[in-house]
Amino acid sequence: MTEKTEEKSLLREVWDALSFSEIRTAMRVALKHMFVKPVTFQYPREKRTIPDAHRGALGLLRYDDGTERCVGCDLCEAACPSRCIKVVSAENPERPLSRYATEFYIDITKCVFCGYCVEACPVNALAMTKMYEYSTADKRQLIFDKKRLYEIGEKHIEDAKRYLYAHNQEKNDTESLQYRYKFPHQVAGLTPPQDS
Ligand code: SF4
Ligand code: SF4
């Protein structure tokens, strides 16, 4: 660097310091952003719109007449890769040969929200909801028992049904068609589902 350039750069630094150049630049940036639409959500005051296919907390569902859907078959327990479901079943004393879950536990701390349990259920007794605010300091509260799972199912029944439609597991209606999976090829011995 020549002597002349050095002198110029020193003068520049002195001028910047005297004219508060850095503060003016910062103010300009701050003012500019006052008129830009923010992209961050002010959680918890503002919340995102959750898509119907979202995999949130699991809930157990009842039929419209209030009967528990779950027949205690254990398929969800067998399908769970995290081994976080425990089902205890018994024969229904009021309806011989039919079974129901006497106890049902999901350790939500181990759940990876894969949705396999929902897919495995033959009667759509399980569904995922849009519920995601259940953090707690007491880990024991994150083992959802049957009562809690039915409470979640009741409270979020509409979201749970939308989840089943979105994943093509229940009811062939117009709402579910837009999400409908298609078999890429005809599977031997299987009739592909009819859209109607
Ligand atoms: S979503 Fe997956 S990990 Fe969670 S309980 Fe169901 S099968 Fe298990
Ligand atoms: S939730 Fe479904 S798969 Fe699991 S035990 Fe009940 S009926 Fe069987």
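Within the stretch 114-151, work out how many residues are near ligand 1 (Cβ under 8 Å from one of its atoms) and in contact with a Leu (Cβ under 7 Å, 6 or more places away or on another chain). Even if it seems obvious, please write down each step before you answer.
If we filter the stretch 114-151 for residues that are near ligand 1 (Cβ under 8 Å from one of its atoms), which is where we start, we get 114-118, 120, 126, 128.
From what's left, in contact with a Leu (Cβ under 7 Å, 6 or more places away or on another chain): 117-118, 120, 126, 128.
Qualifying residue count for the region: 5.
Select from the stretch 100-126 the residues that are in contact with a strand residue (DSSP E or B) (Cβ under 8 Å, 6 or more places away or on another chain), near ligand 2 (Cβ under 9 Å from one of its atoms) and not β-branched (Val, Ile, Thr) and list them in ascending order.
TYR100, ALA101, PHE104, CYS117, ALA125, LEU126
Given the criteria at pLDDT 95 or above, within 18 Å of ASP74 (Cα to Cα), in a helix (DSSP H, G or I) and within 16 Å of ligand 1 (Cβ to nearest atom), does CYS111 qualify?
Spelling it out, it is not the case that CYS111 is at pLDDT 95 or above, within 18 Å of ASP74 (Cα to Cα), in a helix (DSSP H, G or I) and within 16 Å of ligand 1 (Cβ to nearest atom).
The values are calculated or read from the model by the stated rules, or taken from the named source; none is laboratory data. As the structure is a prediction and not an experimental result, all values here were calculated from the model. FYI the Cβ positions are ideal-geometry reconstructions off the backbone, even for glycines, and counts take in every protein chain you see.
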